[in-house]
Amino acid sequence: MTADVVLDVAAGTFLVAGAFLSLVAGVGIVRFPDLLARMHAGTKLQVLGLLLLLLALGLRLRSWGVAGLLLLVIAFQMLTAPVAAHMVARAGYRTGKVQAESLEFDELTDDTERHDGEAPLDSPDAPPPNTGN
Amino acid sequence: MIFAVILGAAMLACAAVLALVRAEKGPSMLDRTVAFDVFTTILVSGVALEAAWSRRTDTLVLLVVLSLVGFVGSVTISRFAAIEPEEAARVRTREEVEAELAAERAAQEAAVEAEQARREAMRAEARDSARAAEEQAEGGSEALVPGDAAARAAGGVGTEERAETEEHAELAGEGAESRAEPEEER
């Protein structure tokens, strides 16, 4: 059993694992009931699934230049996936796609309500600023 | 290796179909965005799988580009996401679209007809009033009181016109003065 065979078997295992995660993401995105749950399913593929697949690709190609490029892809994905997920969730919260009763903790609604209870600084209800005379 | 690749390709294909199902069902723009994100990632995975099978390195650039495109797409869509009515979340059938277009066309035709009727009414009114004025002018010389009224009306119009011309003259005078000043300086 040479090193080539070992690396190929490892690459094949990672390939199947990554593809399985993408299948899981596909099933989750169809079956889950609301937006946040679907986002949760989608992120499994975006980070771990792609990581496994690119690891398999690196094991197959076995060159450092390729490894650098694959690291770049993974770095991009890990930087952009949270940002995209945050944007989608924020837009979903603001357009009423998130049902409050489906959440265990809803700190954002609590925070906004507490903030709306206080008078903003530039509102007419706020005390006038001290002018010093 | 071949078994792993075939198995992986089959699973990726299933996942892609499922993502497309979610993109079709919606129900909101953001669900479609998430489905689009997943589909892009499956595309990246497919390219990676093919590169791993044939040991090629020229498609690796596609991985970088595709992962960036997915990010830009989903961020843009969610940036412009708005509150959408329930009805807009569904893809309409062909019959519904046709019924809607027919209703729109009927509304347009009705508007055009109403506009035509309005114009005709205006034209008829103008014709009637012109005829009434003619009749009044003809009868005015015979009757005394209407003639007096007509003369007063004519006088009123005359004074108004005179006032207007005086105003114009004043304005013109001011204009001339303001125009004259720089000439003096020069």
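Report whether or not residue B:93 is among the polar types (S, T, N, Q), under 20 Å from residue A:24 (Cα atoms) and more than 7 Å from chain A (Cβ to nearest Cβ).
no
Does at least one position in the range A:80-103 carry a residue that is closer than 27 Å to residue B:14 by Cβ, at pLDDT 80 or above and in contact with a His (Cβ under 8 Å, 6 or more places away or on another chain)? For the range A:80-103, residues closer than 27 Å to residue B:14 by Cβ, at pLDDT 80 or above and in contact with a His (Cβ under 8 Å, 6 or more places away or on another chain): absent. So which residues in the range B:17-60 are more than 7 Å from chain A (Cβ to nearest Cβ) and within 12 Å of residue A:26 (Cβ to Cβ)? Matches in the range B:17-60: B:17, B:20, B:23, B:39. Among the residues of the range B:27-80, the one identified as buried (at least 20 other Cβ atoms within 10 Å of the Cβ), without any contact (Cβ under 8 Å) to a residue 60 or more places away in the chain, farther than 24 Å from residue A:20 by Cβ and small (Gly, Ala, Ser) is B:78.
If the condition is being facing chain B (nearest Cβ under 7 Å) and surrounded by fewer than 20 Cβ atoms within 10 Å (Cβ to Cβ), then the range A:22-53 contributes A:27, A:30.
Considering only residues that are more than 12 Å from chain B (Cβ to nearest Cβ) and assigned to a helix (DSSP H, G or I), which ones fall in the range A:65-114? The answer is A:100, A:101, A:102, A:107, A:108, A:109, A:110, A:111, A:112, A:113, A:114.
Hey, can you tell me all the residues within the range B:1-15 that are of a type in the set (Gly, Ala, Ser) and at the interface with another protein chain (Cβ under 7 Å from one of its Cβ atoms)? Scanning the range B:1-15 gives B:4, B:8, B:15. When A:11, A:19, A:56 are screened for being among the hydrophobic types (A, V, I, L, M, F, W, C), at the interface with chain B (Cβ under 7 Å from one of its Cβ atoms) and either in a loop (DSSP other than H, G, I, E, B) or over 24 Å from residue B:68 (Cα atoms) (or both), only A:11 passes.
The values are calculated or read from the model by the stated rules, or taken from the named source; none is laboratory data. Since the structure is predicted, the reported quantities are computational estimates derived from the model, not experimental observations. Don't worry about glycine lacking a Cβ; one is built from the backbone with ideal geometry, like all the others, and counts go over all protein chains shown.
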